[in-house]
Amino acid sequence: MIYCLLEVKKLLREKLFLIFIVLCLCLNIGLCFSDPGTRSAVNSLAQNGELSEGKKIYDTLDTNVIGSFYYNERYIKSFLLNQWIKAKYEKLQQSVDLLDAEDADLSYFAGEVTSSVHEALFVYQLKTLMIECVILLSLLGIRSFEIEQQREMAALIYSSGRGRKIAKDKILANGIIGALYCLILISVSLAVFFAGWDFSRLWDANMASSFHYVIDSDDPIFGKPFLTWQSFTLKRYFVCTLVLMAGVLLAWWLLTNLIVLLARNIRYGWMALAAVICLPFFGLILFSELYLPRLFYLDTLTLPVVIYCNQWWFTDLGNYSLFAYQEVWTVTLHLLLLAGGLMVGLYYFKRKELA
């Protein structure tokens, strides 16, 4: 434990991370006030605005009609994947029937500015925070192992069995500091956001309100209801998003430490992490243009694409999923595989010979 505390003190002395957090907070606070029209509408609604019901849309909604916009699109050259996406939209009909029974579509939410409110919270705040925390965890993981290399002490320290055991202390230390810094960044950003946006009358609104429409990123003309797999109030959806967000960040922390642990040179670690962050986004474009359905689907199972789709979590996700709650299962699988991989990596690191 004493070695872990020493590593924690080393990272706390790094001013780069404090500067990064301050810059992120400035950005996030600026984003809080980037849409004054929507913010004023939400605050007016909270004070004395009248709430009127939405309209019934789920009693006649056929999910196969929505699914038909995706059938024979991304997965046209794969019969199996095409059948899976059809089966997904057939199963979604059960969720629509549940939403109809609960009159989710009649929920007011935020009226005409509902989609803008959703974007302000789940895109401008939570997605931005996830990206910032991913970068922060990457920097911490690399820096914790980089210090000795910069001082040309790595070969000496890791030449003994006890020295190589310090890797565990470094991983634990950057995890502690990472959790602390991420908690500060997320807490302060959301505190400022909710200080400026009064959600008091929105928390019990249903996410599947008839006012809540999603513009599909693949086809900007195509709008569809925000169809969740089960009934979510805004409060419940927000909490579930935070939980899944924590899972994403934990998985990324495991991935960062695994890459850095196995890389013989810290520069290779930088390159590998940059590739893991960036390449999935190029893959979404490249694989779809080349009509490579299997590679496109495998790309949707990466953590960066899960982050990219965060504003649609717990919905059908369009072409980005083939079964219900795919994003949840993807993060869970990453956690299990990366936790096992990190344990194997530590075993390998403890036994390997360093030049």
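The table that follows gives values for the structure above.
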quantity	calculated
Backbone N within region 287-314 under 15 Å of label point (7 Å from TRP329 Cα along the Cβ vector)	297-302, 314
Contour minus Cα-Cα distance for ASP62 and VAL239 (0.36 nm per residue)	60.8 nm
Label-point separation, LEU295 to SER44 (7 Å along Cα→Cβ), nm	5.1 nm
Per-residue SASA entry for ARG74, accessible area with 1.4 Å probe, Å² rounded to 10	60 Å²
Within straight-line cross-link reach of LYS55, lysines at Cα separation under 18 Å, skipping those fewer than 8 residues along the same chain	LYS224
Apportionment of accessible area to carbon and sulfur, the chain, percent (1.4 Å)	65 percent
Potential lengthening between ALA191 and LEU80 on full extension [0.36 nm per residue; Cα-Cα distance subtracted]	35.4 nm
Spin-label zone in region 233-258 - amide nitrogen under 20 Å from a point set 7 Å from the Cα of SER200 along the C-beta vector	234-236
GLU73 versus GLU53: modelled label distance in nm, points set 7 Å from Cα along the beta carbon direction	3.2 nm
Label-point gap, in nm, between CYS26 and ILE184 - each point 7 angstrom along Cα→Cβ	1.7 nm
Label point 7 Å beyond Cα of TYR213 along Cβ direction - residues of region 227-257 with amide nitrogen under 18 Å	227-228
Exposure of HIS334 as accessible area (Å², to 10), given a probe of 1.4 Å and all protein chains	50 Å²
Shape category assigned to the chain from the gyration tensor of Cα positions, a/c cut at 1.5	oblate
Heavy-atom surface of the chain, accessible at 1.4 Å and reported per residue (Å²)	48 Å²
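The values are calculated or read from the model by the stated rules, or taken from the named source; none is laboratory data. Just so we're clear, the structure is a prediction, and the values are computed from it rather than from any experiment. Because the Cβ atoms are built from the backbone with ideal geometry, glycine has one as well, and the counts that use them run over all protein chains shown. For the accessible areas, the whole protein counts, side chains as well, though only heavy atoms, and no ligand, DNA or RNA atoms are used. Shrake-Rupley method; radii C 1.70, N 1.55, O 1.52, S 1.80 Å.
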